[in-house]
Structures are given as C-alpha cells and as structure tokens.
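The values are calculated or read from the model by the stated rules, or taken from the named source; none is laboratory data. Only a predicted model underlies this, so the values are computations on that prediction, with no experimental measurement involved. Note that we place each Cβ from the backbone using ideal geometry, even for glycine, and neighbour counts take in every protein chain shown.
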Amino acid sequence: MILRLTLSQLYLIKPVFCIFYLFWMFKRYFRFLFFGLSLLFIGKIIWQNSSATTSFTLGTFSLFLLFSALIITIVAHTWAAYIWYIILRQFQLKNLNLREILSLYLQSNIYKYVPGNIGHFYLRISTLHQAGYSLSLVSLSVLLEPILMALAAVWLGLVCFTIETTFKPKIILGCILGSIFLLFLLHPRVLNQLLKFKKTKIEKYPLLPLLGEFIFILLRGSGFILTAAAFGLSNFTELMGAFSLAWVCGLVIPGVPGGLGVFEATLLALLNNQHTATATLLKVVALFRIISLAAEIMAAVIAKASSFWFNRNQ
C-alpha cells in the first residue's frame with residue numbers, strides 16, 4: 001500500500017513526525033540525562049535535610065488519611081481503565097468486554113516501570129491485536145490516552161496556578177502553550193490523518209474521554225493532597241497545581257520508568273518555598289510514591305484475582 005499525501009497534509013504532519021523521530025533517536029540519552037539530573041537534585045535536598053527526615057511519627061488520623069489516599073489512588077487507576085474502554089468504543093471497536101479491558105489495563109499498568117516506559121503500552125496493544133482488533137486503531141487509542149491525560153493535567157494546573165498567587169507567570173504561560181500544542185495533537189484533522197486507511201473517522205474533539213481524564217487527575221491529585229494533609233499541609237490549591245504540573249513532567253519525559261525521579265524533583269522544585277519546610281516535603285513526596293506503587297500493585301493483583309475467579313466459575 002502506497003501512502004499518498006498532498007503538500008498541505010505533508011506540512012501538517014512533518015513537524016510532528018520530526019519531533020517524535022528526534023525523541024525516538026535520542027530517547028535513551030534523554031532518559032539517562034533527566035533521570036540522572038533528577039536523582040542529583042533529590043539527593044542534594046535529602047543531604048541538606050537528612051537530620052529532619054530520618055525519623056517521624058504519625059498519629060491515628062494521619063494514618064487514616066494515608067489509607068484514604070491509597071484507596072482513592074486505586075479508584076483513580078480503575079477509573080482510568082474505564083476511560084480507556086470509552087476511547088476504544090469511540091473508535092467503533094466491536095464486542096469489547098468491559099471486565100477484560102479493565103483487567104488488561106490494571107494488570108499492564110505496573111509494566112510502565114520497566115526501563116523504556118513503554119511496557120504497559122506494548123502489552124495492551126499486543127493483547128488486543130492478538131484478540132483480532134485493528135492494530136492501528138488500538139495503537140492510536142493507547143497513544144491518545146496519555147495525550148488526554150496530559151491536557152487535563154495542564155488545564156487543572158492552569159486553573160490552580162491562576163488562583164494561587166505564589167506561582168510565577170512563566171508557569172502559567174507554559175501551561176497555555178502546552179495546552180495549545182496538545183489541542184493541536186487532538187485536532188480531528190490530525191487524528192484522521194492517522195486513520196487515513198480506516199473506515200473510522202473522527203468528527204470532533206474527544207470531549208467525553210477528556211472529561212474522564214480530568215476526573216482521573218482530580219482523583220490522583222486528591223490522593224496526593226491527603227498524603228500532604230497527613231503531615232499538616234493545607235495549601236490545597238498550591239498542592240493540586242504543583243501535582244498536576246509534576247505529573248505531566250513525569251509523563252512526557254521520554255524513557256523514564258513511571259516518571260520516577262522526574263515527578264518527585266518537579267514537585268520539590270515547585271513546592272520548596274518559604275511556606276513549606278523542605279523536610280516535610282521530602283516525607284510527603286517519598287510516602288506518596290510508596291502509596292502510588294502500592295496502589296498499582298494492589299489494583300493489578302485484584303484484577304488478576306478477579307479474572308481467575310471469573311474464568312474458574314464460567
């Protein structure tokens with residue numbers, strides 16, 4: 001099959017292709033660079049505050065808040081799985097089983113910590129393709145999901161940054177520019193170029209999945225806020241805004257498994273001000289990473305056990 005593009009279509013696709021090609025060519029170097037710089041930044045802060053972070057105690061109410069953060073994070077990942085099911089439905093894929101899609105998403109989620117940060121994407125694409133679904137449509141649904149997540153997080157961050165006066169105008173400008181770029185990627189004309197040889201045609205922006213991803217970011221941010229509240233932090237708007245931007249950075253930096261290091265370094269950089277003690281921030285960031293990992297593992301185990309129980313009782 002020969003790909004024929006008009007001149008206008010070529011100018012539309014070429015810049016996006018070049019960006020992704022450069023990222024692909026130098027991905028491993030970017031991965032080591034960002035991961036190394038993040039570890040150095042975090043290590044420096046830990047060294048400077050080692051005496052204040054080596055030990056701490058939590059009361060009963062604080063432990064309850066941490067447990068609530070764990071539950072909300074599990075719910076958030078389950079909700080994200082449901083939104084991916086909606087995306088697949090919008091591509092008119094037939095005979096989708098909601099339970100199987102949820103199980104696949106939750107079980108594959110932990111593979112994002114495999115070096116390269118694409119293990120979860122590969123598992124979802126290969127599983128559905130082996131089940132007989134279109135490789136290009138499934139691949140596009142997997143690509144579309146993180147773009148929608150990033151746009152939702154940027155918009156939430158923009159709202160919080162606008163309300164919160166402690167953030168610099170450069171951050172707000174960055175959010176606006178990021179939104180414009182992501183909206184361009186989600187434009188029906190761009191998406192339809194990727195579906196050129198398929199019967200499926202996208203007529204409008206995927207607003208319903210976007211709303212769903214917005215709720216997902218709110219749930220994930222609520223888990224972080226509850227973790228911070230366990231240590232007495234109450235500047236919720238600032239916490240949500242910083243979380244949103246840090247989450248996007250951890251998502252888009254190429255090759256970093258699960259945003260490890262990048263997410264934490266961005267959070268520390270955004271929240272490390274005169275209003276919040278650095279030692280407290282270190283405790284919050286470290287515990288939230290543990291809670292996130294525990295939630296993903298528990299969700300995967302629950303999904304695996306549910307699939308085993310259902311198949312056994314069929």
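Could you identify the single residue in Val138, Val114 that is in contact with a Lys or Arg (Cβ under 8 Å, 6 or more places away or on another chain) and touching a residue at least 12 places away in the same chain (Cβ under 8 Å)? If you could, list the steps in order and put the result at the bottom.
Numbers: Val114 fails: in contact with a Lys or Arg (Cβ under 8 Å, 6 or more places away or on another chain).
Within the list Val138, Val114, the selection yields Val138.
All but one of (1) at pLDDT below 85; (2) farther than 21 Å from Cys249 by Cα hold for Asn97, so report the exception by its number.
That leaves (1) as the condition not met.
In the stretch 284-296, what count of residues is obtained for those that are at pLDDT 90 or above, more than 18 Å from Leu58 (Cβ to Cβ) and of a type in the set (A, V, I, L, M, F, W, C)?
Summing the residues that are at pLDDT 90 or above, more than 18 Å from Leu58 (Cβ to Cβ) and of a type in the set (A, V, I, L, M, F, W, C) in the stretch 284-296 gives 1.
Report, by residue number, each residue of the stretch 200-256 that is surrounded by fewer than 19 Cβ atoms within 10 Å (Cβ to Cβ) and of a type in the set (Lys, Arg).
Lys201, Lys204
Suppose the filter is among the hydroxyl-bearing types (Ser, Thr, Tyr), part of a helix (DSSP H, G or I) and surrounded by 20 or more Cβ atoms within 10 Å (Cβ to Cβ); does Tyr122 pass it? I'd like the intermediate steps shown before the answer.
Working: among the hydroxyl-bearing types (Ser, Thr, Tyr): yes; part of a helix (DSSP H, G or I): yes; surrounded by 20 or more Cβ atoms within 10 Å (Cβ to Cβ): no.
It is false that Tyr122 is among the hydroxyl-bearing types (Ser, Thr, Tyr), part of a helix (DSSP H, G or I) and surrounded by 20 or more Cβ atoms within 10 Å (Cβ to Cβ).
Just one of (1) surrounded by 17 or more Cβ atoms within 10 Å (Cβ to Cβ); (2) part of a helix (DSSP H, G or I) trips up Tyr133, so point out which.
(2)
Might you let me know whether the stretch 264-283 holds any residue that is at pLDDT 85 or above, surrounded by fewer than 18 Cβ atoms within 10 Å (Cβ to Cβ) and outside any helix (DSSP H, G or I)?
no
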